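Chemist: Sharing a structure, written as structure tokens. Questions coming.
The values are calculated or read from the model by the stated rules, or taken from the named source; none is laboratory data. From a predicted model like this one, the values you see are computed outputs, not experimental measurements. In this analysis, Cβ positions are derived from the backbone assuming ideal geometry, glycine residues included, and neighbour counts consider all displayed protein chains. To get the accessible areas, we keep the full protein, side chains included, count just its heavy atoms, and leave off ligands, DNA and RNA. Shrake-Rupley method; radii C 1.70, N 1.55, O 1.52, S 1.80 Å.
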Amino acid sequence: MATPSLSFSRPTFAKLSPHPYLLTNLSPQSPSTKPSRTNGRAPHEARPVQIHTSSLSHAHGSALVRSGNTTVVCGVRAEILPVTNIPQYRPRSSLQPSSTTTSDDDDAADRAELKTYDLLVPNIELATGCAPQFLPGVPPSSLAQTLSTRVYSLLHSCGVVDPKSLRIWHDPSTETKNPDESMQVDDNDEDDEAEPPQLMAYWVLYIDLLFVSFDGNPFDAAWTAVMAALRDTKLPAARWDPDRGMAICSRTKKNPLDVSRGGLPVACTAAVFQEKEYAEAGGLGGENRHWILLDPDRLEESLCRETVTMVVDCGEGETRIRSVEKLGGTVIGRELMRGFVGVAEKRWSEVREAMK
Amino acid sequence: MTDRRRVNGPVGSTHPPVFENEPEQELGASKCLRTRAPTVTRKMYLKTGVTPSASGSAYLEIETSGKGSVSGLKLSCTVHGPRSLPRSTPFSPHIILSTHVKYAPFATKQRRGYLRDPTERDLGSHLETALRGAIIADRWPKSGVDIIISIVEGDQDREASKSQGGEAWDMMNALSGCITVASAALTDAGIDCVDTVAGGVAALVRDEGDDTTPRIVIDPIPSEHEQILAACCVAYLPDRDEITNLWFKGDLPASDMELYSQLVEKGIQASRNSNEVIVSSLRETVG
């Protein structure tokens, strides 16, 4: 007769005492077995990324990103903002429709333009029931607010979107093509010639992200989705109609949004798992082993305090660090951070492969 | 008053792009007419278990019709529960359903806000009625279940003009999809139901041309017809032969009772079709 066994199934253990469970998995008894996480991955192994673009027809650009069990949909929708609707609009005299000057002054002014007129509007919706803790009918949680703000600031700091492709111009010299009209306004012709093109409106990009399924590491997935959707975005060719006082778009002609200037920044997040939980570690001192877990899932995120997110861009042959965010602990120092760049580089090439 | 918990964008108002009428577009704007037989529904794709952390979940996609600009319906549904109600709620002898339907901001022609608007609330309450009849509510006293549907993409023609008033009819199609996907997600969550409920839409339409006798079609797409006179959306339990929710809209002569019952009859037929999809999808999961 079998005695009632005291062993539980793996998911039960994970739920009852998650910390010891993950610790045992990471430090196996026999040296022959490699340390692995509860989800079967090695500590430095990220989940593979899948990207599908252009699946939504009402958005101008869209992407669905799936990384393990985290699924996020991003839709980019463009709307027109006439300059008359901007309260504190200051025309820049140096601006020309075809200007290709890349001086630092212009670059800084371009960025300021995006930011002061608020032309990029990213929002992340978590309250879709994507995980049991995110139920709808409540205002955005602090996590959703943080994520939106992080995406917003990264979009601006990386200069992902070129403001040039968001401007809608009116060129008076090309307007008077009608022969009858030009007869009547013969006297004014010279004035028209002299009149330079005017900036009449901007495109505003509403970037909305919807989490379908949530299993940890929301920022990496969200940022990948934003980048994939922006690269997929095509804005209709717009011209200014002075008679109607509004921008009119072509039904057939579409221009892809220029996102080449920002390169391809890719976010890479890791969490630090410590042997002793925070409370005991402080008093006892001594050695406290730690593991760096790349691309943490929901269970791991709940057990780790310290996380680091690095945004790198390895295009053009060299690695550029676009942003580093580290919070909640003291384990990751300079050395580890330097090593982490290598991990992020590897992640970058994985994501770039998926984007193709 | 702006919501400071979201990124709000520019202070000045923006408007969606206005498109010009290109000549060849106008000439070649022969409307995409319905090519399906009146009793055939569009193809559906249903998958359960898309959100592993929820108790149950399902994803439904309805095929896009021939014209490229018409999007198909894409719905994602999650079910959380049954779980105990908070202490403060009064005793309830049966399970408390709460349904939540939300369009994604990029789901329709006009950008949707993040706050629920009346049409979404309306869809939610219809959905609740449809499901309440199917769930064996007495098995879970003092508990609640949340059913959340995100409409990732609505069933709407991008090029249809506003004057056609397609919005109201689109809601019917959306509701029928919501009922079907919620039923699959409830089953995935293992919540006891008397039967799998499924939604179906039938409509009385008048087509373009000289032949003006209205006819009844199932699973209508508003832009394919000249005019929709009336439509009904039913939630139907096939094994029990019961209707849990009936939503009727439109303009019919009150004298002709026959027409009413025919419309409901066809709605049931549409619902049977979607029920087959649910059953075969669940069989796949089990088998």
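Chemist: With a 1.4 Å probe on protein heavy atoms only, work out how much accessible surface B and A bury together, total over both chains, in Å² to the nearest 100.
Modeler: The summed interface area works out to 4600 Å².
Chemist: Compare the Cα positions of A:Ala237, A:Asn85, A:Gly61 along the charge dipole of region A:49-256 (+1 at Cβ of Lys, Arg; -1 at Cβ of Asp, Glu; about the Cα centre) and return the one farthest towards the positive end.
Modeler: Value computed over the given set: A:Gly61.
Chemist: Here's something else I'd like to know. Counting only other chains, what is the mean number of Cβ atoms within 10 angstrom of the Cβ of each residue in peptide B:99-105?
Modeler: 5
Chemist: Sorting A:Lys34, B:Lys266 by accessible area (1.4 Å probe), largest first, what list results?
Modeler: A:Lys34, B:Lys266
Chemist: Just to confirm the number: angle between the C-alpha axis of helix B:257-286 and the first principal axis of chain B, 0 to 90 degrees, nearest 10?
Modeler: Rounded to the nearest ten degrees, it is 60.
Chemist: Which of B:Asp188, B:Asp146, B:Asp251 ends up with the largest GNM mean-square fluctuation for chain B, with Cα atoms connected below 10 Å?
Modeler: Its mean-square fluctuation being the largest, the pick is B:Asp251.
Chemist: Region A:81-95: which residues show an accessible-area loss of 10 Å² or more, assembly versus chain alone, 1.4 Å probe?
Modeler: A:Leu81, A:Pro82, A:Asn85, A:Pro87
Chemist: I would also like to ask the following. Tally up the carbon and sulfur contribution to the accessible surface of the protein assembly as shown as a whole percent, 1.4 Å probe, everything protein left in place.
Modeler: After summing per-atom areas, the C and S share lands at 51 percent.
Chemist: Shifting gears a bit: Largest first, how would B:Arg112, B:Arg5, B:Arg132 line up by accessible area (1.4 Å probe)?
Modeler: B:Arg132, B:Arg5, B:Arg112
Chemist: With a 1.4 Å probe and all protein chains kept in place, how do A:Phe211, B:Phe248 rank by accessible area, largest first?
Modeler: If we order A:Phe211, B:Phe248 from most to least accessible, we get B:Phe248, A:Phe211.
Chemist: I want to check a number: in region A:49-256, how many lysine pairs have alpha carbons closer than 22 Å, given a sequence separation of 8 or more or different chains?
Modeler: Summing the qualifying lysine pairs gives 8.
Chemist: Helix-only estimate, please: 222 nm mean residue ellipticity of chain A, summing -39500 (n - 2.57) across DSSP H runs of length 4 or more and dividing by its residues, to the nearest 500.
Modeler: So the calculated ellipticity at 222 nm is -9000 deg cm²/dmol.
Chemist: Taking the alpha-carbon centroid of each part, what is the distance from region B:266-283 to region A:106-174 in angstrom?
Modeler: What the calculation gives is 42 Å, centre to centre.
Chemist: Tally Lys and Arg at +1 and Asp and Glu at -1 over the other residues with C-beta under 12 Å from the C-beta of B:Arg121: what net charge comes out?
Modeler: -2
Chemist: Please check: in the Gaussian network model of chain B (C-alpha springs, under 10 Å), which one of B:Leu60, B:Leu246, B:Leu85 has the largest mean-square fluctuation.
Modeler: B:Leu85
Chemist: From the Cα gyration tensor of region A:49-256, with a ≥ b ≥ c the square roots of its eigenvalues, which class applies: rounded if a/c is under 1.5, or else prolate if a/b is larger than b/c, or else oblate?
Modeler: It is prolate, given that a/c is not under 1.5 and a/b is the larger ratio.
Chemist: Counting helices only, and only those DSSP H runs with n ≥ 4, report the 222 nm mean residue ellipticity of chain B as the sum of -39,500 (n - 2.57) divided by its residues, in deg cm²/dmol to the nearest 500.
Modeler: -9000 deg cm²/dmol
Chemist: Kirkwood-based Rg over Rh for chain B (C-alpha set), two decimals?
Modeler: Expressed as Rg/Rh, it is 1.00.
Chemist: Take the Cα atoms of the protein assembly as shown, find their three principal axes, and give me the spread along each one in whole Å, biggest first.
Modeler: 102, 76, 43
Chemist: Let me ask something else. Where the centroid of each part is defined by its Cα atoms, how far is region A:54-75 from region A:244-272 in Å?
Modeler: The two parts, judged by their Cα centres, are 14 Å apart.
Chemist: Another question, then. Once the whole set of protein chains is in place, how much accessible area is left on B:Leu73, using a 1.4 Å probe, in Å² to the nearest 10?
Modeler: Accessible surface of B:Leu73 is approximately 0 Å².
Chemist: Choose one answer from A:Ala109, A:Ala201, A:Ala229: the residue with the largest mean-square fluctuation in a GNM of chain A with alpha-carbon springs under 10 Å.
Modeler: It is A:Ala109.
Chemist: Taking only protein heavy atoms and a 1.4 Å probe, what accessible area per residue, in Å², does the protein assembly as shown have with all protein chains in place?
Modeler: 48 Å²
Chemist: Modelling each spin label as a point 7 Å along the Cα-to-Cβ direction, I'd like the A:Glu195/B:Ser255 distance in nm, to one decimal.
Modeler: For the pair A:Glu195/B:Ser255, the computed spacing is 6.4 nm.
Chemist: Within chain B, what's the longest stretch lacking GluC sites (Glu not before Pro) that sit in DSSP loops with no more than 15 other Cβ atoms inside 10 Å?
Modeler: Result, exposed sites excluded: B:64-207.
Chemist: What pairs from B:Lys102/B:Lys266; A:Lys34/A:Lys346; B:Lys43/B:Lys102; A:Lys15/B:Lys74 go past 26 Å between their alpha carbons?
Modeler: B:Lys102/B:Lys266; A:Lys15/B:Lys74
Chemist: Moving on to the next point. Quick check on packing: order B:88-98, B:42-52 by the mean number of other C-beta atoms within 10 Å, highest mean leading.
Modeler: Those peptides, ordered most packed to least, come out B:42-52, B:88-98.
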